[in-house]
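Novice: My questions all concern the structure below.
Just so it is clear, none of the values below were taken in a lab; they were calculated from the coordinates. Computed from a predicted structure; not experimentally measured. Using ideal geometry, Cβ is built from the backbone for each residue, glycine included, and neighbour counts are taken over all protein chains shown.
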Amino acid sequence: MACGGESLVDNRQNPDPVVVDVPLAFIKRHVLLDEDQQALQLDLFRPEQFIPGAALYIKARASTSATEINITDRAFAVEGQAEAPLYDVKDLSVSYDGNRLLFAMRAPELEDVDDDEQPSWNLWEYTRDTDQLRRIISDDRIAEGGQDVSPTYLADGRILFSSTRQQANQAILLDEGKPQYQSLEESMGGPAFVLHVMNADGTDIQQISFNQSHDLDPVLLSDGRILFSRWDRAGSDKGMHLYSMQSDGSQLAFMYGRHSHTQAPRPQRVHFVKGQLMPDGNLLAQLLPANGPLLHSEFVAIDPLQFTELELPSFAAGSNAQTNPLFANLSVDGSISPGGRFAGAYPLWDGSQRMLVAWSQCRVYDPTQAADDPERKILPCSEELLATADIEEAPLLFGLWIFDAAQNTQRVVSVAQEGQAYTEVVALQARPYPADPQTGLSDTELAAEQMASVHIRSVYDFGGEDLSGAGIENLRDPMQYSANQRPARFLRVVKAVSIPDDDTLDFDPIAFGRSRAQSLREIIGYVPVEPDGSVKFAVPANVPLAFSVLDANGRRISAR
């Protein structure tokens with residue numbers, strides 16, 4: 001069928017020779033409704049959110065005739081019960097040989113148990129050729145020591161994931177003479193999720209990112225760097241955008257989206273999440289509001305080599321920062337979308353420019369029938385129906401499809417079922433290994449002392465622009481400017497304080513001072529600024545720091 005069309009066709013008459021033998025894995029979940037009979041909402045800033053009713057399936061071929069096999073019910077099956085109790089699954093990731101599947105899974109809710117005693121999110125692995133399902137961390141006590149989500153494989157076989165464990169942060173608290181606890185993210189809504197790595201058997205867990213709020217959805221780029229979504233809340237809520245770093249946590253760099261959260265005609269601020277690498281080198285990312293629908297997303301292809309923002313190229317660019325990789329007739333302004341809606345997308349690595357997608361056709365209720373008619377009909381969208389006043393969109397109905405961008409066609413893989421929704425989907429096929437992880441360590445002696453080195457070439461240099469007023473070359477000349485005449489004399493180094501929950505320390509909010517947005521801070525020290533604006537000094541490693549430029553009287557002359 002043509003993409004986003006008004007009729008559906010099956011692929012059983014004309015099987016696709018290129019993709020029919022590609023095995024796939026996908027999540028299928030019950031469509032749960034709230035007390036108002038509305039679909040449950042996804043809270044983007046609560047990765048620990050538990051929405052029971054999901055299960056993980058595989059199919060041997062991307063065809064409607066292939067059997068769907070449930071591979072996760074066995075983990076929670078109860079003897080004597082026909083069905084497993086409801087649990088949750090998310091964050092699928094495939095190994096580079098296509099044989100193993102990583103994902104996050106949360107056990108069923110326990111009755112009459114407080115929230116802090118409920119099961120946590122754990123990481124699991126399924127091996128296709130042996131049909132083996134295992135929890136990565138086998139020890140129950142260690143597995144329940146944090147909420148673990150967003151797993152992916154590193155090139156060397158280790159597992160990268162996001163977690164509330166905060167291994168290094170808790171060790172630093174102990175070194176500072178404080179009790180060990182999981183720090184709250186900066187809105188104080190729950191523990192911060194930050195990036196960790198561990199061995200394939202769940203041992204040697206190490207923290208590699210140190211954001212005060214969430215670092216989520218890590219994936220590997222072809223050069224071995226990690227791409228992830230960072231909730232940037234330092235000073236104010238700036239949203240979730242894309243960052244990169246090496247697998248040891250070094251060379252942290254902003255990639256995309258810091259000033260691109262408001263995009264007309266989209267009615268809400270959007271955040272950049274769940275990025276994944278596409279075969280052409282672009283990034284496939286989801287644009288989601290902070291509180292939005294559980295079952296559908298907007299997907300965009302981002303060019304990270306030529307753009308850092310929607311309207312800010314890195315250099316003269318002949319393309320767009322964001323493009324629509326799916327149907328041309330999708331609506332993003334909050335109205336009914338003629339092209340339907342998508343819950344998941346995964347590019348095939350076979351050179352075909354195709355994607356596996358979880359897609360719901362555009363459907364509306366028959367406007368000639370009363371809203372309370374129990375036999376109210378659902379119709380596929382047409383221009384005439386969408387032009388009808390007060391037309392009402394019908395519930396979404398997600399199936400699995402193969403979308404061919406080159407031919408602008410789609411073919412059904414799993415037919416949609418009322419009351420069920422296909423969401424995440426991946427292909428269990430081989431793809432190129434990324435480059436080996438790189439280390440950013442240049443001073444092993446400092447690293448052994450748990451210290452790091454900061455070298456600022458000039459506090460007057462912002463993005464290559466000299467903001468000193470008098471000129472850096474002039475300021476560095478003591479014959480022209482004395483120390484008292486230079487605007488920048490000192491650098492103040494400030495450390496963010498890990499915020500405990502009320503059970504650890506219930507303190508008065510007045511402790512935040514005049515500015516709650518700045519949270520709690522500790523002054524590490526002061527460093528003199530050289531005449532040319534350069535500063536070099538050692539600081540404690542693996543702690544979030546901020547710097548302020550001060551004048552001779554110790555007053556801040558820079559932004560925080």
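Novice: Can you pull out the GluC sites (Glu not before Pro) in the range 229-328 that DSSP calls coil and that have at most 11 other Cβ atoms within 10 Å? Can you show the working numbers first?
Specialist: Details: sites: 298, 309, 311; in loops: 311.
Qualifying residues, ordered by number: 311.
Novice: Which whole-number percent of Cα pairs in the range 268-325 have a distance greater than 13 Å?
Specialist: Working: 1012 of 1653 pairs.
So the portion of pairs separated by more than 13 Å is 61 percent.
Novice: Work out how much length residue 546 to residue 200 would gain on full extension: take 0.36 nm times their residue separation and subtract the Cα-Cα distance, in nm to one decimal.
Specialist: Answer, rounded to one decimal: 121.1 nm.
Novice: Let me ask another. Where the only charges are on Cβ atoms (+1 Lys, Arg; -1 Asp, Glu), what is the dipole of the range 444-550 about its Cα centre, to the nearest 20 debye?
Specialist: Numbers: 10 positive and 15 negative charges, 81 e Å.
Roughly 380 debye for the range 444-550.
Novice: Of the options 507, 356, 299, report the single residue whose Cα projects farthest towards the positive end of the charge dipole of the chain (beta-carbon charges: Lys, Arg +1; Asp, Glu -1).
Specialist: The residue sitting farthest along the positive end of the dipole is 299.
Novice: Suppose the Debye formula is applied to equal point scatterers at every Cα of the range 195-350; what is log10 I(q)/I(0) at q = 0.10, 0.19, 0.20 Å⁻¹?
Specialist: Computed log10 I(q)/I(0) values: -0.38, -1.31, -1.41.
Novice: Could I ask something else about it? Which value, in debye to the nearest 20, gives the size of the charge dipole of the chain about its Cα centre, when Lys and Arg are +1 and Asp and Glu are -1 at the Cβ?
Specialist: Working: 45 positive and 80 negative charges, 346 e Å.
I would put it at about 1660 debye.
Novice: Pick out, from 478, 550, 491, the residue whose Cα sits farthest towards the positive end of the charge dipole of the range 444-550, with +1 on the Cβ of Lys and Arg and -1 on the Cβ of Asp and Glu.
Specialist: 478
Novice: Over the chain, what is the relative contact order in percent, taking alpha-carbon pairs closer than 8 angstrom and at least six residues apart? Numbers along the way, then the final one.
Specialist: Details: 1264 pairs, mean separation 75.3, N = 560.
It rounds to 13 percent for the chain.
Novice: Please compute the volume of the convex hull spanned by the alpha-carbon atoms of the chain and report it per residue in Å³. Can you show the working numbers first?
Specialist: Details: hull volume 109.6 nm³, N = 560.
In the chain, the Cα convex hull volume per residue is 196 Å³.
Novice: Length gain on complete extension for the stretch residue 390 to residue 450, per 0.36 nm per residue less the alpha carbon to alpha carbon distance? Write out the running numbers ahead of the final one.
Specialist: Working: separation 60, 0.36 × 60 = 21.60 nm, distance 6.33 nm.
Length gained between residue 390 and residue 450: 15.3 nm.
Novice: Among 314, 403, 379, flag the residue with its Cα farthest along the positive direction of the charge dipole of the chain, charges on Cβ as +1 for Lys/Arg and -1 for Asp/Glu.
Specialist: Value computed over the given set: 314.
Novice: Going by C-beta contacts inside 10 Å, put 424, 530 in order with the fewest on the left. Walk me through the numbers before you get to the answer.
Specialist: Values: 424 24, 530 16.
Fewest-to-most ranking of 424, 530: 530, 424.
Novice: Using alpha-carbon pairs under 8 Å, 6+ residues apart, how would you state the relative contact order of the range 444-550 in percent?
Specialist: Details: 148 pairs, mean separation 48.2, N = 107.
With pairs under 8 Å counted, the relative contact order is 45 percent.
Novice: Let me know the number of lysine pairs in the chain closer than 17 Å at the Cα, not counting same-chain pairs under 8 apart. Spell out each step's value before the answer.
Specialist: Details: 28/59; 28/90; 90/274; 178/495.
Lysine pairs meeting both conditions in the chain amount to 4.
Novice: Could you sort 301-308, 371-378 so that the peptide with the highest average Cβ count within 10 Å comes first and the rest follow in order?
Specialist: Values: 301-308: 18.8, 371-378: 9.4.
Most protected by this proxy first, the peptides run 301-308, 371-378.
Novice: What is the order of 388, 72, 444, 64, fewest Cβ neighbours within 10 Å to most? Show your work: numbers first, answer last.
Specialist: Values: 388 12, 72 20, 444 8, 64 17.
Fewest to most other Cβ atoms nearby, the residues stand as 444, 388, 64, 72.
Novice: What is the gain in length, in nm to one decimal, between residue 113 and residue 319 on full extension, counting 0.36 nm per residue of separation less the C-alpha to C-alpha distance? Present the calculation step by step, with values, prior to reporting the outcome.
Specialist: Numbers: separation 206, 0.36 × 206 = 74.16 nm, distance 5.43 nm.
Gain on extension, residue 113 to residue 319, equals 68.7 nm.
Novice: To continue, here is another question. Which FRET efficiency, nearest 0.05, do residue 312 and residue 39 yield, Cβ-Cβ r, R0 30 Å? Could you put the intermediate results ahead of the total?
Specialist: Numbers: r = 35 Å, r/R0 = 1.18.
The formula returns an efficiency of 0.25 here.
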